[in-house]
Amino acid sequence: MAIHKLSFSERDLKFKQWLAGLIDGDGCFTLSKKGYAGLEITMDIRDERALQAVKNVYGGSIKLRSNANALRYRLHHKEGLLNLINDVKGQIRNPNRLVQLNKICIKYNLNLIWPEKLTLNNGWLSGFFDGDGTITINKSNWQLSISASQKTSELLTPLVELYGGYVYIDNGSSKSFKWYVTKKEDILKLIEYFKKHPSRSAKNNRLHLVPKFYELKGMKAHIALPETFLAKSWDIFFNKWLNFE
């Protein structure tokens with residue numbers, strides 16, 4: 001059963017926008033041949049906290065997938081599902097997800113609401129980042145990047161106008177389009193965004209380390225002589241980064 005209904009407060013609106021972004025990235029609305037409607041979200045095992053946040057509001061179940069590196073959240077009971085659909089209506093942007101959601105809306109005689117143009121101060125990106133985003137440091141040039149991948153460019157192109165970066169075709173990925181941000185000023189603006197709209201995945205731990213990265217890199221700690229305290233401080237930082245601590 002659903003545990004509590006969300007209000008129209010700004011805090012709850014941010015959660016609804018985050019959830020829509022997460023569903024657009026990692027979720028799937030389902031409707032079986034027998035007419036059973038549901039929602040599934042699959043995430044890395046380190047992201048249990050994000051799925052727990054969804055379960056706390058709408059009910060449902062979280063189970064370890066057979067490969068043991070992923071968790072799957074499932075929501076099938078009608079009350080929780082209708083509450084969730086009511087909360088994310090007008091926030092879902094992924095064309096595939098809209099098609100899936102529309103089938104459920106037809107089943108329950110609900111109106112599908114199309115999303116308005118994405119704005120800078122919308123929690124959608126934080127959820128989408130939790131689902132499809134990455135934050136990495138390239139060891140060949142010590143460049144930090146925030147990126148997200150999709151099979152089409154439709155969801156990614158609006159991000160460039162709002163948050164910087166660019167979109168390119170990634171030949172090495174099954175998801176062929178990638179939004180890619182590397183400029184320090186754009187990354188730091190994104191960090192400010194994530195302070196207002198927190199990531200709920202394990203990636204949040206890396207987001208918190210970004211200012212430290214620029215501080216140490218500014219002191220050339222990444223190329224400091226071994227055995228110096230500067231080199232040791234870089235090693236401590238980089239171990240935290242690798243371990244998602």
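Name, by its number, the condition in (1) assigned to a helix (DSSP H, G or I); (2) surrounded by fewer than 16 Cβ atoms within 10 Å (Cβ to Cβ) that does not hold for Gly21.
Checking Gly21 against (1) assigned to a helix (DSSP H, G or I); (2) surrounded by fewer than 16 Cβ atoms within 10 Å (Cβ to Cβ), the one that fails is (2).
Can you tell me which residue within region 86-112, out of those that are aliphatic (A, V, I, L, M) and farther than 19 Å from Asp12 by Cβ, is surrounded by the most Cβ atoms within 10 Å (Cβ to Cβ)? Steps first, answer last, please.
We begin by selecting, within region 86-112, every residue aliphatic (A, V, I, L, M); these are 88, 92, 98-99, 101, 104, 106, 110, 112.
Filter once more, so that each one left must be farther than 19 Å from Asp12 by Cβ: 98-99, 101, 104, 106, 110, 112.
Working: Leu98: 17, Val99: 11, Leu101: 23, Ile104: 19, Ile106: 11, Leu110: 15, Leu112: 16.
Per the criteria, the residue is Leu101.
Which condition breaks for Glu161 when tested against (1) out of contact with any Asp or Glu (no Cβ under 7 Å at 6 or more places or on another chain); (2) part of a strand (DSSP E or B)?
Single failed check for Glu161: (2).
Please work out which one of (1) modelled with pLDDT under 95; (2) of a type outside the set (A, V, I, L, M); (3) surrounded by 18 or more Cβ atoms within 10 Å (Cβ to Cβ) is the condition Ser126 fails and give its number.
Of the numbered conditions (1) modelled with pLDDT under 95; (2) of a type outside the set (A, V, I, L, M); (3) surrounded by 18 or more Cβ atoms within 10 Å (Cβ to Cβ), the odd one out for Ser126 is (1).
Please specify each residue of region 56-96 satisfying the condition of being without any contact (Cβ under 8 Å) to a residue 40 or more places away in the chain and within 26 Å of Pro115 (Cβ to Cβ).
Residues satisfying the conditions are Gly60, Arg72, Tyr73, Arg74, Leu75, Leu82, Ile85, Asn86, Lys89, Gly90, Asn96.
Can you name the number of the only condition in (1) assigned to a loop (DSSP other than H, G, I, E, B); (2) closer than 24 Å to Arg49 by Cα that Ser140 fails?
Going through (1) assigned to a loop (DSSP other than H, G, I, E, B); (2) closer than 24 Å to Arg49 by Cα one by one, Ser140 breaks only (2).
Taking the residues in region 215-229 that are surrounded by 10 or more Cβ atoms within 10 Å (Cβ to Cβ) and outside any helix (DSSP H, G or I) as candidates, determine which candidate is farthest from the chain's Cα centre (by Cα).
Filtering region 215-229 for residues that are surrounded by 10 or more Cβ atoms within 10 Å (Cβ to Cβ) and outside any helix (DSSP H, G or I), the one farthest from the chain's Cα centre (by Cα) comes out as Thr228.
Okay, residues lined up against (1) in contact with a helix residue (DSSP H, G or I) (Cβ under 6 Å, 6 or more places away or on another chain); (2) crowded, with 16+ Cβ neighbours inside 10 Å:
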| site | (1), (2) |
| --- | --- |
| Leu155 | no, yes |
| Gly164 | yes, yes |
| Asn171 | no, no |
| Trp179 | yes, yes |
| Lys183 | no, no |
| Ile187 | no, yes |
| Lys196 | no, no |
| Ser199 | yes, yes |
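To keep it simple, each residue is scored yes or no on (1) modelled with pLDDT of 95 or more; (2) in contact with a strand residue (DSSP E or B) (Cβ under 9 Å, 6 or more places away or on another chain); (3) assigned to a strand (DSSP E or B); (4) not aromatic (Phe, Trp, Tyr).
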{"position": "Lys33", "(1), (2), (3), (4)": "no, no, no, yes"}
{"position": "Leu39", "(1), (2), (3), (4)": "yes, yes, yes, yes"}
{"position": "Glu48", "(1), (2), (3), (4)": "yes, yes, no, yes"}
{"position": "Gln52", "(1), (2), (3), (4)": "yes, yes, no, yes"}
{"position": "Ile62", "(1), (2), (3), (4)": "yes, yes, yes, yes"}
{"position": "Leu71", "(1), (2), (3), (4)": "yes, yes, yes, yes"}
{"position": "Arg74", "(1), (2), (3), (4)": "yes, yes, yes, yes"}
{"position": "Leu81", "(1), (2), (3), (4)": "yes, yes, no, yes"}
{"position": "Leu84", "(1), (2), (3), (4)": "yes, yes, no, yes"}
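Which number in (1) part of a loop (DSSP other than H, G, I, E, B); (2) farther than 25 Å from Asp44 by Cβ; (3) not assigned by the TED database to the domain that holds Gly27 marks the one condition that Gly90 misses?
(3)
Among the residues of region 110-132, is any among the β-branched types (Val, Ile, Thr), part of a helix (DSSP H, G or I) and more than 28 Å from Arg46 (Cα to Cα)?
no
The values are calculated or read from the model by the stated rules, or taken from the named source; none is laboratory data. This one's a predicted model, so the numbers in the text were calculated from it and none came from an experiment. So basically every Cβ, Gly included, is an ideal-geometry build from the backbone, and we count neighbours across all protein chains shown.
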